[in-house]
1. Restricting attention to the stretch 163-188, report how many residues are assigned to a helix (DSSP H, G or I), within 18 Å of Leu55 (Cβ to Cβ) and of a type in the set (A, V, I, L, M).
2. Identify the residue in the stretch 130-162 that is outside any loop (DSSP other than H, G, I, E, B) and of a type in the set (Val, Ile, Thr) and, among all such residues, is surrounded by the fewest Cβ atoms within 10 Å (Cβ to Cβ).
3. Among the candidates Val92, Val117, single out the residue that is touching a residue at least 24 places away in the same chain (Cβ under 8 Å) and within 15 Å of Leu23 (Cα to Cα).
4. For the stretch 99-114, check the following and say yes or no: at least one residue is over 22 Å from Ser14 (Cα atoms), at pLDDT 95 or above, buried (at least 18 other Cβ atoms within 10 Å of the Cβ) and among the hydrophobic types (A, V, I, L, M, F, W, C).
5. Residue check, Asp247 against (1) part of a strand (DSSP E or B); (2) loosely packed, with under 14 Cβ neighbours inside 10 Å, all met but one. Which one?
6. Considering each of Arg254, Arg281 in turn, give the residue that is buried (at least 17 other Cβ atoms within 10 Å of the Cβ), more than 18 Å from Gly147 (Cα to Cα) and of a type outside the set (A, V, I, L, M).
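The values are calculated or read from the model by the stated rules, or taken from the named source; none is laboratory data. Not measured: the values here are computed from a predicted model. As a convention, Cβ positions derive from the backbone with ideal geometry for all residues, glycine included, and neighbour counts pool all protein chains shown.
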Amino acid sequence: MPPASRAFEPAITSPANPRLKALVGLRRRRVREESGQTLVEGYEEIDLARSAGVLPRTLYVCEELFSPAGRAGSQDIGEQADLLERLRGDGVEVVHLSRAAYEKVAYREGPDGLLAVVDRVGARLAELAPPGRDHLSLLVQGVEKPGNLGAMLRTADAAGVDAVVAADPVTDWGNPNVVRASKGTVFAVPVASATTPEVLQWLRDHDIRLVVTTPETRLVHTDVDLTGRVAVAVGSEKHGADQALLDAASERVRIPMRGRANSLNVAAAAAIVLYEAVRQRDSRP
């Protein structure tokens, strides 16, 4: 007989179930914005979201796909089962899926049998915490690729950045591929979206210096004071920062390049400048 906590949990075996169709729909931005929900797949991402205070509305489980102990780069069955029990204890609805049904809704390679529906992430600028005197934020303008956004979120989390703000966003924070690439840190770092003029006004209102990365300057990023209230800005993969952002910058900085290319991947550039800010802050008396 199944445990009492599982006795009445629903199960879905058919890939044609209407509930699964609704889950697949959440891969589209319009559906995410209309529903206010998004998807999180994978043990690490769901566990990090929970630790950041984000509880799933519903957890879809296929225990047949739980990772056997010892598989490289994965959690074992015991850890996944423990997370499942903790979420049950939190009062999260659990729905069991057959393997065929789960594979209908999974969006990552090598799924581990855990898929959650959570409230869509992201805030308005006014909802961010008031900047402190050592505020450090990352401003990303027009970045398109979810993988780049996710990588920058992981860096922002590791560097202790106070907020990541998307100006004129092409990809929303709730994109499942952003969630996956960020390893769930999109739930741990405060994130917001706005137009470029709104972001620039927010910076002025809070007396935050804007440091914009661009290859079109002689000033090296290590020669700029990155302490105090600072926002580090990077532009889109194809065009970089636009003129409005460049004109508003307190400093324009470049990263030294020794090879033939004149720029780095946007996520790499953000990481280099952010960690220079961390180095400077940590080296102060």
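1. Final tally of qualifying residues: 2.
2. Filtering the stretch 130-162 down to residues outside any loop (DSSP other than H, G, I, E, B) leaves 136-141, 146-159.
Filter once more, keeping what is of a type in the set (Val, Ile, Thr): 140, 155.
Details: Val140: 28, Thr155: 22.
This residue is Thr155.
3. On the way: Val92 fails: within 15 Å of Leu23 (Cα to Cα).
Being touching a residue at least 24 places away in the same chain (Cβ under 8 Å) and within 15 Å of Leu23 (Cα to Cα) holds for just one of Val92, Val117, which is Val117.
4. Filtering the stretch 99-114 down to residues over 22 Å from Ser14 (Cα atoms) leaves none.
Checked the stretch 99-114: no residue is over 22 Å from Ser14 (Cα atoms), at pLDDT 95 or above, buried (at least 18 other Cβ atoms within 10 Å of the Cβ) and among the hydrophobic types (A, V, I, L, M, F, W, C).
5. It fails just one condition, (1).
6. Values: Arg281 fails: buried (at least 17 other Cβ atoms within 10 Å of the Cβ).
Within the list Arg254, Arg281, the selection yields Arg254.
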